[in-house]
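The values are calculated or read from the model by the stated rules, or taken from the named source; none is laboratory data. Since this is a predicted model, take the numbers as computed values, not measurements. Every residue, glycine as well, gets a Cβ built from its backbone with ideal geometry; the counts of neighbours run over all protein chains shown.
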Amino acid sequence: MHSILPALVSLLFLGYGAYVLGSRGATRAALTFFAVCLTTFFWQFTWAILFQVRDQDLAVQLAKTGYLLILFLPTTLYHFMVEMTGRRGDLRAVQLSYLFAAALAVLLFSGDTLISGVHHPFFGFYPAAGPLHPLHLLQTCVVIGRAMQVLLQEQRRAGGTERLHLRYCLGSLLIYFLAAVDYLCNYGMPFYPPGVLFIAISLGIIAPAMARHNVLANPMLLAATIAHELRTPLATIRNQARILGKGMPELVGCYQQAQRDGRHAGTLRPAHLTYLRDLGAKIEAEVSRSNFIADMVLVSANPDGLCQRGYTVHSAEKCIDEALASYPFDDAARNKVALLKHGDFYFHGSDTLMVYVLYNLIKNALAALEGVDGGSIEIAIRAGHASNMVTISDTGHGIPEHVLPYVFDPFYTTKSTRGAGMGLAFCRRVVTSFGGTIGCRSREGAYTMMAMEFPA
């Protein structure tokens, strides 16, 4: 009788995992969620058998087998939260937690220090806590606590729908934590363990939220699809702009000649005519910028990282010169930019991607100068014995201290009317693929400096 609930719940968890994996595909987050469900399935199915056996030695073996899965369950849940929020910096902590769980697993089967036999309450055999069992309790508190912290941090910076998704997960994680009441049974409290019901409710909230409300939807994949589809109309616009650029100067010249000959009075001012003469080139420049944005989205959406097969050795100085020569400055903006050269250096990567990175950083620096009197931008290249650097500094508004840790996170932005929060994340991916690092120093109201460092 007491085995019916864990048996049914184990099948429920297997259904949760299969449902999400089938509806969302084999993404990293969906796979880790499936791992959580699969671990819980085997744990509960083992308990269903444990509650039925009558031999104490067999019960001890089953108790340790079931507890092996419990040891890894908090870490698996933490791993899922990390993958879902994209907090790649936490993966190192996830790995350490898995190693700690593995060490506890060795203790589990090498003696009675973690599980010291079984209790026998009214519902059947149940694992008895050993003297080192509190280590598992401590790990569980630390890991689940960190998962909650990650969700809270991501919720603060998220907006709109993403914040709602994270609230789903935070609420379900709080419910999941109530399952800790089952640990009292390990210490001899004789009540039927209700914790699995809390876990079933918790993951039951996340599973439909993921499948129906796009909790796991990767906005980069949607953006990449849109960017790819934009390529065709952009190519058409570019061809039309080139035709316009070839024909418009002649049309404007004929118009001006007709005015001079008195055949047409003319209502267009000279400034309008100059604008029309250059219209084709201006449209083509806008198409180039749009293609640049599409390239960034497509590269950033690649889950396997940047393709490095075409990387070769390039001059950093030449990349900077090209970026400054081709960036669409207006006259006033170009005069604010100073270039300091302290020796050239070479890096292994893509010159095109490097120019894209410089475009991003220049664009951000110019945006920081808006509304600042006398602001300036300094681009410096320094070749050194230990490392080589490119820095882009501005004397603009600066970045608030509470924002600074998140500037390289994908989709993090403080701009309410523009910006998708992907520019600096793209820069970091590119520079990292070159074997370098990129960092940011800033003081609000004073300056911001982006520093790219490459191996010497």
Original post:
Do you know which residues across region 315-356 are buried (at least 17 other Cβ atoms within 10 Å of the Cβ) and within 23 Å of residue 386 (Cα to Cα)?
Top reply: 316, 317, 319, 320, 345, 347, 349, 350, 351, 354
**OP:** Could you please find all residues in region 28-45 being in contact (Cβ under 8 Å) with a residue 60 or more places away in the chain and within 19 Å of residue 198 (Cβ to Cβ)?
**Re:** 33, 36, 37, 40, 44
Subject >> region 90-121, subset touching a Leu at 6+ places or on another chain (Cβ under 7 Å) and assigned to a helix (DSSP H, G or I), residue surrounded by the most Cβ atoms within 10 Å (Cβ to Cβ) >> reply: 108
Subject >> Total residues in region 75-89, condition among the small types (Gly, Ala, Ser) and assigned to a helix (DSSP H, G or I) >> reply: 1
Original post:
Which of the residues belonging to region 311-336 are of a type in the set (Gly, Ala, Ser) and farther than 19 Å from residue 455 by Cα?
Top reply: 323, 325, 326, 332, 333
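For (1) under 30 Å from residue 156 (Cβ atoms); (2) modelled with pLDDT of 90 or more, each residue gets a yes or a no:
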residue: 11; (1), (2): no, no
residue: 14; (1), (2): no, no
residue: 37; (1), (2): yes, no
residue: 55; (1), (2): no, yes
residue: 62; (1), (2): no, yes
residue: 103; (1), (2): no, yes
residue: 106; (1), (2): no, yes
Original post:
Conditions: (1) out of contact with any Ser or Thr (no Cβ under 8 Å at 6 or more places or on another chain); (2) of a type in the set (Val, Ile, Thr); (3) surrounded by fewer than 22 Cβ atoms within 10 Å (Cβ to Cβ); (4) more than 17 Å from residue 125 (Cβ to Cβ). Residue 32 meets all but one. Number of the miss?
Top reply: (1)
**OP:** Give the residues of region 100-154 that are under 17 Å from residue 79 (Cβ atoms) and β-branched (Val, Ile, Thr), sorted by residue number.
**Re:** 140, 142, 143, 144, 150
Original post:
Take the residues of region 357-383 that are surrounded by fewer than 17 Cβ atoms within 10 Å (Cβ to Cβ) and of a type in the set (Gly, Ala, Ser): which is nearest to the chain's Cα centre (by Cα)?
Top reply: 367
Original post:
Are any residues in region 67-89 hydroxyl-bearing (Ser, Thr, Tyr) and either outside the structural domain of residue 150 (by TED's automatic domain parsing) or within 15 Å of residue 33 (Cβ to Cβ) (or both), and if so, which ones?
Top reply: 75, 76, 78, 85
Subject >> Test for residue 127: is it in contact (Cβ under 8 Å) with a residue 60 or more places away in the chain and either under 30 Å from residue 425 (Cα atoms) or of a type in the set (Phe, Trp, Tyr) (or both) >> reply: no
Original post:
What number of residues within region 384-402 are buried (at least 16 other Cβ atoms within 10 Å of the Cβ) and without any contact (Cβ under 8 Å) to a residue 60 or more places away in the chain?
Top reply: 8
Original post:
Can we say residue 274 is assigned to a helix (DSSP H, G or I) and modelled with pLDDT of 80 or more?
Top reply: yes
